[in-house]
Amino acid sequence: MTTGPAREVLLVGSVGLRDAETVFRTAGRLLGARMSRIPDGETGERTSWVARLRFVLEGNPAFEDDPEEVAAGGRITHPTEGTRTWKGSAIVPRGAPPPPRMRLKTGVRVEDVQIGRLGYPEAAVDSYKVLCGLREQGAVSKHLRFQVSLPTTAAFLNAHVVYEHHALVEPIYRTQLFREVDEICEAIPHQDLAIQWDVSTEMGQWEGVRHAWFSEVKAGVIERLALHCDRVPRDVELGVHLCYGSYGGRHWKEPESAANQVEVHNRLVERIDRPLAYIHMPVPVERSDEAYFAPLQDLNLRRETKLFLGLVHDSDGVEGTRRRVAAAAKYASDFGIAAECGFGRRPPETIPNLLRIHSET
């Protein structure tokens, strides 16, 4: 089965190799000619995505472990989501349950609560220096923008804060997150930068799997995503990764079709005040049927926006990926390809093969 001309490739974010230099060299060599931007792989402590950010609450005198979740032995989750365990990362052992969420201590005044540094600008600046050095050596093409992928405020709240305190903590955390976005944009030339928002918790809220403290869920999700998108300067590329998770090698829910992702995109682009460079939508490995992709015909894709479909899977290789591409092509034409999520939490030995599938599809 053939798929026509080689399609553009997006690396969603995390790549579980040793360090940023290894990611830049490896991905740049295999895929650089087919990419427009390159991430640093979110290596080291950032491998665990938003899980690592618990430290900003653990050392904060305003917060404590939630007694109810301590008594339950760990995270209390939605029945659809099931028991969460990690597949393994640099800092979270394989099979470990997430720790209890945290809550504001009794008597704490919200106006006194502060969230400390998250570390995103420091990591971005360090990786960008490495990328610039590799460009000078000719090891990475100079056309590739530096891609910084960031979890949204909702992701932090879902991971680390009890539900009844989401409304209180949300604006405090968002202020710090946006401050660090500003710092990244001040430190890295805008023409050389892409910022991607990782939208997992919001898709869970949309699907009824994750808690939302606001009553009008869909409107609230779009309002908050628009705030995140509009914080990125207009001359910095903006990407959105609609995510269904990857912990334990599975989604928190299998999407029934692309319909909800299409609706989120269509409503979001009507709300934001800036261009969207790309949108990423995952595709489950078993879905090569037309019913999954048919909603793509309702995607209101603007001229400046590239669609990437996360249909690259290592479990059925190039042939399985090509089947999904062929099915998708009946409802969308000029789309790029990607994995369904970042792959920093999978066994490192599987990553070369996954990159190879990207390159051969």
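The values are calculated or read from the model by the stated rules, or taken from the named source; none is laboratory data. Treat the numbers as computed from the prediction; the structure is a model and nothing was measured. Counting neighbours? That spans all protein chains shown, and the Cβs are built from the backbone with ideal geometry, glycine included. We work out accessible area using only protein heavy atoms, side chains counted, and drop any ligands, DNA or RNA first. Shrake-Rupley method; radii C 1.70, N 1.55, O 1.52, S 1.80 Å.
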Working from Cα positions, state the angle (0 to 90°, nearest 10) between the long axis of helix 20-31 and the longest principal axis of the chain.
-> 30 degrees
If you take all C-alpha pairs in the stretch 194-323, what percent of them are over 25 Å apart?
-> 25 percent
Pop the C-beta distance of Thr22 and Ala187 into the FRET formula with R0 = 22 Å and round what comes out to the nearest 0.05.
-> 0.45
Dipole moment magnitude, nearest 20 debye, the chain about Cα centre, only Lys, Arg, Asp, Glu C-beta charged | 700 debye
Taking the stretch 141-262, the whole-percent share of alpha-carbon pairs separated by over 21 angstrom is 42 percent
How big, in percent, is the set of alpha carbon pairs in the stretch 98-167 lying more than 20 Å apart?
-> 53 percent
Mind jotting down the three principal axis lengths of the stretch 152-202 based on Cα atoms? Whole angstrom, largest first.
-> 41, 20, 12
Write down the accessible area per residue of the chain in Å², having rolled a 1.4 Å probe over the full set of protein chains.
-> 40 Å²
So what is the relative contact order of the chain, in percent, for Cα pairs below 8 Å that sit 6 or more residues apart?
-> 21 percent
Against the longest alpha carbon principal axis of the chain, how many degrees, from 0 to 90 and to the nearest 10, is the axis of helix 120-137 turned?
-> 20 degrees
The stretch 15-77 - Kirkwood radius from inverse mean 1/r over Cα pairs (Å) = 14.7 Å
What is the Cα radius of gyration of the stretch 292-352 over 2.2 N^0.38 Å, N being its residue count?
-> 1.26
Rounded to two decimals, the Rg over Rh value of the stretch 317-361 from Cα coordinates and the Kirkwood Rh reads 1.01
Once the Cα atoms of helix 351-360 and of the chain are each reduced to a long axis, what angle between those two axes, in degrees from 0 to 90 to the nearest 10, is obtained?
-> 40 degrees
Anyone know which of Leu150, Leu168, Leu177 comes out most mobile in the 10 Å Cα GNM of the chain?
-> Leu168
Pairwise FRET efficiency - Val110 versus Glu304, Cβ, R0 = 30 Å, nearest 0.05 = 0.15
Going toward the positive end of the dipole of the stretch 174-269, with +1 on Lys and Arg Cβ and -1 on Asp and Glu Cβ, which of Ser257, Cys185, His211 do you reach last?
-> His211
Which one of Ala327, Leu150, Thr43 is farthest out on the positive end of the charge dipole of the chain, using unit charges on Cβ (Lys, Arg +1; Asp, Glu -1) and the Cα centre as origin?
-> Ala327
Between Val217 and Thr350, what is the label-to-label distance in nm when each label sits 7 Å out along the Cα-to-Cβ direction?
-> 2.9 nm
What share of all Cα pairs of the chain, in percent, falls into each consecutive 20 Å distance bin?
-> 30, 61, 9, 0
Identify the residues of the stretch 310-326 with backbone N under 14 Å of a label point that sits 7 angstrom from the Cα of Glu290 along the Cα-to-Cβ direction, or state none.
-> 326
